[in-house]
Amino acid sequence: MIRVGCTFRAGLIPHLWEHHDLVDTFEYSLDGFVAAGADGHRPAATCAATGPLSLHSIDLSLGSAAARARPKHLEEIREVMTITGVDEISDHLAYSRVDDRRLHDFAPLWRVDEQVDLLVENLEWVQERIGGRLVLDISNVLINQVNGYTDAADEFGALDLDAVVQVHLAGGELVDGLMWDAHSSPVPGTDLDWLTRLLPAMPNCRSVIVERDERLQLGEELVADLRAVRSIVDAANTPGTTDIVGARVGASAPG
Amino acid sequence: MRRDVIATQRVVADLLLDPEARQAWDHDPHGFASARLAGTDEAAMVARLQPAGIEAAALSHVVKKARFDHLHRLHHAHEDRQNARRAEAAGHDHSHGHDLGGRP
């Protein structure tokens, strides 16, 4: 059973109030709970009591050596995961910390073997402590394609989708000819088409999350996104209504 | 010869966080990169970064840091208020107990 969800933002609640049937799960900022220390445990438990939730992290910096420099941070994450009953979290294939400097944004990875080695070492180190599998950010891959950095079909064909437990979608923003993964606009039709094609090839996928962090006043756009995603997920959840994609498909989500 | 990914990340961080480094790189990308990175692949990668991308990422960093710092200040102000309330409550309890204990 694949759940449909979206980012939890207070500004979205009025828009979602009459459409709660569209949202099976909310995605919360893990770092908000962690940063509050023990004070964050109670709100985390309260959120978990309302229904299934996902936890999204932005501060693991999996692509840099800083990922292994903060074991206490992982302990704190583990505590929040235990309190919320969540057994997986998501973060980014990117880096946001270099030594003791914080970038406040995601820097993309250099696509060389040495970077992959560092990433794998970090992932193994993190997974030993908190577990974890793969989130596929379909929109991220397609934005990279729009910006001319990759071929999405190649990317989707390169990875093992059996490992994907969650999918992310979002609408970007074009600034000075560069598309940003801004989570600020409707999910493009292309992204939904890819979801339709890829979802049947993800037997372990548990949820599809629409990320929306900006222009929250246009919440009706999110409602429309959720309806579209719900339709695709319902088809995937109903045996015999979808065609399994024959090709080996998969993707990474840099940044 | 293994490429030094960590060294290149340090230089990229310099470009994103330090306007002077960015200016020097903008003026002479190859000279800047060669002076900071021993490996030719590493220097070539940093020299080939897109100026528009670096500028946009640096600006994004400034905006997000300002937002983060603002929220951080709010969080600490909230903590300070909580601590002050706790201290005040503890002070009352202490004096109350002390008074009680001092009575015959």
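The values are calculated or read from the model by the stated rules, or taken from the named source; none is laboratory data. Just so it is clear, the structure is predicted and the values come from calculations on it, not from any experiment. Quick reminder, even Gly has a Cβ in these numbers, built from the backbone with ideal geometry, and neighbours come from all protein chains shown. Just the protein is used for accessible areas: all its heavy atoms, side chains included, with ligands, DNA and RNA removed. Shrake-Rupley method; radii C 1.70, N 1.55, O 1.52, S 1.80 Å.
In chain A, which whole DSSP H runs stretch at least 24 Å along their own axis (Cα) and average 0.0 or higher on the Kyte-Doolittle scale?
A:219-237
Give the B-A buried accessible area in Å², both sides summed, 1.4 Å probe, nearest 100. Could you put the intermediate results ahead of the total?
Details: alone 8280 and 12690 Å², together 18730 Å².
Buried surface at the B/A interface: approximately 2200 Å².
What's the average, rounded to a whole number, of partner chain beta-carbon atoms within 10 Å of each residue's beta-carbon in A:112-121?
That average works out to 3.
How much of the accessible area of the protein assembly as shown, in percent, comes from carbon and sulfur atoms when a 1.4 Å probe is used? Write out the running numbers ahead of the final one.
Values: 10190 of 18730 Å².
Taking all protein chains in place, the protein assembly as shown shows 54 percent carbon and sulfur surface.
Just the number, please: percent antiparallel of the DSSP beta bridges in the protein assembly as shown, rounded to the nearest 5.
For the protein assembly as shown, the DSSP antiparallel bridge percentage is about 25.
What is the sum of charges around A:Gly131, taking Lys and Arg as +1, Asp and Glu as -1, for the other residues whose C-beta is under 11 Å from the C-beta of A:Gly131?
0
Note the angle between two axes, namely the Cα long axis of helix B:5-17 and the longest principal axis of the Cα atoms of chain B, as a number of degrees from 0 to 90, rounded to the nearest 10.
70
Under the Karplus relation 6.51 cos²θ - 1.76 cosθ + 1.60, θ = phi - 60°, what is the ordered set of whole-Hz ³J(HN,Hα) values for segment B:51-67, x standing for Gly and Pro?
Calculated HN-Hα couplings, in order: x, 5, x, 5, 4, 5, 5, 5, 5, 4, 4, 4, 5, 5, 5, 4, 5 Hz.
What is the distance, in nm, between label points placed 7 Å from the Cα along the Cα-to-Cβ direction at A:Arg215 and at B:Glu20?
Computed distance between label sites A:Arg215 and B:Glu20 equals 4.0 nm.
When chain A is treated as a GNM, springs tying every alpha-carbon pair under 10 Å, which of A:Ile138, A:Ile83, A:Ile209 comes out with the largest mean-square fluctuation?
A:Ile83
Just to be sure I understand the interface: list residues from segment A:176-195 that lose 20 Å² or more of accessible area between the chain on its own and the complete protein assembly, 1.4 Å probe.
A:Leu178, A:Trp180
For segment A:209-217, just list the computed ³J(HN,Hα) in residue order, Karplus coefficients 6.51, -1.76 and 1.60, θ = phi - 60°, integers in Hz, with x standing in for Gly and Pro.
Each residue's phi maps through the Karplus curve to give 10, 8, 8, 9, 10, 10, 6, 5, 5 Hz.
Could you name every residue in segment A:93-108 that has 50 Å² or more less accessible surface in the full protein assembly than in its own chain alone (probe 1.4 Å, ligands and nucleic acids excluded)?
So the qualifying set is A:Tyr95, A:Arg101, A:Leu103, A:His104, A:Asp105.
If N is the number of residues in chain A, what value comes out of its Cα radius of gyration divided by 2.2 N^0.38 Å?
0.97
Taking Cα pairs under 8 Å and at least six residues apart, what relative contact order does chain A come out at, in percent?
Averaging sequence separation for qualifying contacts and normalising by length gives 24 percent for chain A.
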